[in-house]
Structure formats: C-alpha cells, structure tokens
Amino acid sequence: MTLPGPLNPPPRLLMGPGPIDADPRVLRAMSAPLVGQYDPFMTHAMNEVQELYRRVFVSSYQETLLVDSTARGAIEAALVSVLEPGDRVLVPVMGRFGHLLVEIAQRCGAEVHTVQIEWGQIAPYELIADAMAKVQPKLLAVVHGDTSTTVVQPFDGLAELCARYGTLLYADVTASIGGNEFLTEEWGVDIATGGLQKCLGGPSGSAPATFSPRAVGIINSRKSIEAGIRAEGDAVAAHPIRSNYFDMSMVFDYWSERRLNHHTEATTMLYAAREAARIVLEEGLEAFQARHLLHGRAMLAGVQGLGLEVFGDLEHKMTNIVGVVIPDGVDGEAVRGRMLQDFGIEIGTSFGPLQGKVWRIGTMGFNARQDAVLTTLAALEAVLRREGFGLPAGGGVDEAYRVYAEAAA
Ligand SMILES: *Cc1c(COP(=O)(O)O)cnc(C)c1O
C-alpha cells in the first residue's frame, strides 16, 4: 500500500451551522504537550475548566464539567443518567434537535410526549403549559437554539411550570451558548449541555455541561459502583444508569476532588475547551453576545439586500445563524458546490422538511467577523449570478456595510 501524504486540508471559511473554523488560539492550545491523568497540572486545569464554564453557563452549579464526546453525547449522558424506563418526558419539537431528544429519551425507555410545532416557529408558552399539566413529566427537555430552524426558544415561565409539577428542566444549548443570552441558574434550568463547534469557536468533540444540585441528587441516587472497585457494603442501585461511559454519577466522581477513575479525560480536548471559554470570557460574555448579534444582523441585512427571502420567525431568530430560502429555479446544491469550489466557503444545507429549500449561513465564534460576513455575501452574489439568478449588484455587501456603519455611529 502506498502511504497517504501528510494531512493538508484545503483552506476553508466555514459559514454553515457548525462546525466553524476554530479560533487559531484554540488550535494552538491543542498542540500543547500532554500530561498524565492525575498530574497536578491536569487536575488544576480541570478545576479551571469548571470555573470557566460556570461563568459561560452563568451557573454556580458545582457539577459543571466536560462530557468527552460531541454535543450529542452530552445530551445522551444527561438523559440516560436521569431517565428510568417508564419515566414520563415532555419534549416540544420545533426542529431536528427536538426529534433527537425524543429519540434518545425513547431509547432510555421513557414514555415520551411531544408538543409538535411547525419548523421555524417557537413553541408558545400556553401549549407547553397545557401539555405539562396533562403529562406532569419527570423531565421537560427543550432545545434552546435549534440550528435546523434558526429559531431560539424563550424559556419564560418554564421554571415555574417545572416547579409546579416537580419536573427537571433540561436545555440543549449546543448552538446557542455564548452567542445568545442563556442564564442557566436564573432561568431555573437543571441541566444544560453544549458543544464547542458553534459559537464557542472550538472543534467538535468536547461538550460542556452543567447540572443543578437537584439533578445531581436524582442522578446520584442511581449510582452503581463499577464492579472492579466496588467495596463490600456498597449499595447497588435499584435502577442503575444504563450506560457506563455516560453514567454521570461516575463522571461527577471523576471531576470531584476524589478523582475516582472513570475514562481518561480527553486532555487535548480539555485544552481546547479551556481556551475556548477563556477567549469568550476575555472578550466578556455580554460583548461576545453583542458581537454575534451585530454580525448576525449584518448577514441578515446582506441576504435581504440580495433580494433573498429569509426563513423562520425573525423575532426569535438566533443571533448566529440565518436561514435563506433558496429562490425558485436555483439549484441549492450547485450554489453550495460553487461557493466551496470557487471561493472555499462552506454554507449549510438543511434537514427534514427544509431539505433543498433553505440554506443556512452561520456567523459564529471566530467567524462572527466583518470580513467573513462581507466575503460570504460577495461570493454568494457572484455565484447566484453565475447560476443565472439575476439580483441587485452589490446589494448584499452594501446592506451589511450599512449595519456596520449604523453600529459604529
Ligand atoms: C449541532 C447541534 C447538536 C449536535 O452536536 P454534535 O456535536 O454534532 O453532536 C445538538 N444540538 C443542537 C441544538 C445543535 O445545534
């Protein structure tokens, strides 16, 4: 067999729904030397990561840590650690990731109830409240920002509903955290899980998560002690968590001062997660969000300036992504192909009911920048024209410039 050449990826500007280009500082942190699992440097870095992510999640929860997986793994870790077979779960489904919550909860053996919402809209409070009264679930699982629809779900009143029925509140904040306001503790969210490759500007493969004392109590009540280290007298849970790797009670022990061995913490990903959070907090969480808002508005104005229609409820649009309706007669995949081939720019396609109908353009993390926005708009205009779609010359870049000029005034 001939040996493949050295790894040499093409230069890309990743303007889709994630992953996005990692901040170069994150990539540099990932090239730092490894240390042992219990090296004081490592355990200190783990503690630093906990403190950094408490600030990112705006949560004082002790159990704020990394799940070593992509975001989907953290969702699964949260659900499998909380849910026992037969538990009732309520999921408002507004997009693709609501369906994912349903699917994972079903695999946990839960009895899953849904509130089905048309893609592109929020779930109205009244519908959730009615369903909560009927189902009285153990867990209410909600996607905060769903990249599949570009819409951010308001959390107003959800904590009070959950308190009324003794329900835990879970939020998937993978796509929203950092770039959109999310106040974990103030909003009464018991568990929030994220990922690095959206607004946080890192690679996929590490999932920050935060768990309230109430959630931790429920999870730890199901604690099993691994066969090899079980001591005489250690209780065996009646309803053990049906995963070893994603048993959060064991992961909590690993991140505690006791440092009970579980998996080997993914050192390089921990470096990445640490640097990603440090960059957010160095800029300031509010300034970081304001930057996402600004560049998201410029991109929105730009695509509208090109005469393109925007998808979804704009009043509840996520700061960091816009859905663009593919104009009639335009081959969406041909445009994406040309953007990539001719300009090295990736924009996103869509899933489910929006497949072939909507492109998704992200402005997040390291790529929430004026040059990235203007370059993408200029390229999109050129490609659309080349694909035979007549549109106002320079309209996209001009409108984005206007947003920047207004913001600077
Ligand atoms: C991207 C995304 C995920 C999945 O993340 P992976 O890292 O691919 O597992 C989950 N939820 C939401 C809302 C997302 O946007």
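The values are calculated or read from the model by the stated rules, or taken from the named source; none is laboratory data. Being a predicted model, the structure only gives us computed values, none of them experimental. Backbone-built Cβ (ideal geometry, glycine too); neighbour counts: all protein chains shown. Calculation scope for accessible area: heavy atoms of the full protein, side chains included, ligands and nucleic acids excluded. Shrake-Rupley method; radii C 1.70, N 1.55, O 1.52, S 1.80 Å.
Worth pointing out:
- Some residue of segment 296-314 being open to solvent by 10 Å² or more (accessible area, probe 1.4 Å), free of Cβ contacts under 8 Å to residues at least 24 places away in the same chain, closer than 20 Å to Leu374 by Cα and among the acidic types (Asp, Glu): yes
- The number of residues in segment 1-49 being within 16 Å of the ligand (Cβ to nearest atom) and either at pLDDT below 95 or within 14 Å of Leu196 (Cβ to Cβ) (or both) comes to 7.
- All conditions in (1) open to solvent by 80 Å² or more (accessible area, probe 1.4 Å); (2) closer than 27 Å to Tyr245 by Cα hold for Pro6, with the sole exception of (2).
- Counting the residues of segment 201-213 that are away from the ligand (no atom under 11 Å from the Cβ), closer than 17 Å to Ile75 by Cβ and surrounded by 24 or more Cβ atoms within 10 Å (Cβ to Cβ) gives 4.
- Selection status of Gly344, open to solvent by less than 60 Å² (accessible area, probe 1.4 Å), more than 23 Å from Ser176 (Cα to Cα) and in contact with a strand residue (DSSP E or B) (Cβ under 9 Å, 6 or more places away or on another chain): yes
- Of the helices (runs of 4 or more DSSP H) that lie entirely inside segment 50-164, those containing 3 or more residues that are open to solvent by 10 Å² or more (accessible area, probe 1.4 Å), within 16 Å of the ligand (Cβ to nearest atom) and of a type in the set (A, V, I, L, M, F, W, C) span 96-107.
- Scanning segment 169-187 for residues that are buried (at least 24 other Cβ atoms within 10 Å of the Cβ) and aliphatic (A, V, I, L, M), we see that the one that is nearest to the chain's Cα centre (by Cα) is Ala175.
- Any chance Arg369 is more than 25 Å from Ser176 (Cβ to Cβ), touching a residue at least 24 places away in the same chain (Cβ under 8 Å) and not acidic (Asp, Glu): no
- Taking the numbered list (1) closer than 30 Å to Gly296 by Cα; (2) within 16 Å of the ligand (Cβ to nearest atom) in turn, Ala266 passes all entries but (1).
- Scanning segment 167-187 for residues that are touching a strand residue (DSSP E or B) at 6+ places or on another chain (Cβ under 6 Å) and more than 9 Å from the ligand (Cβ to nearest atom) yields Thr167, Leu168, Leu169, Tyr170, Ala171, Asn180, Thr184.
- Among residues of segment 17-31 that are closer than 13 Å to Ala368 by Cβ, those with a Cβ under 6 angstrom from a residue that is within 16 Å of the ligand (Cβ to nearest atom) and assigned to a helix (DSSP H, G or I), sequence gap 6+ or separate chain, pair up as Ile20/Gly365; Ile20/Asn367; Asp21/Asn367.
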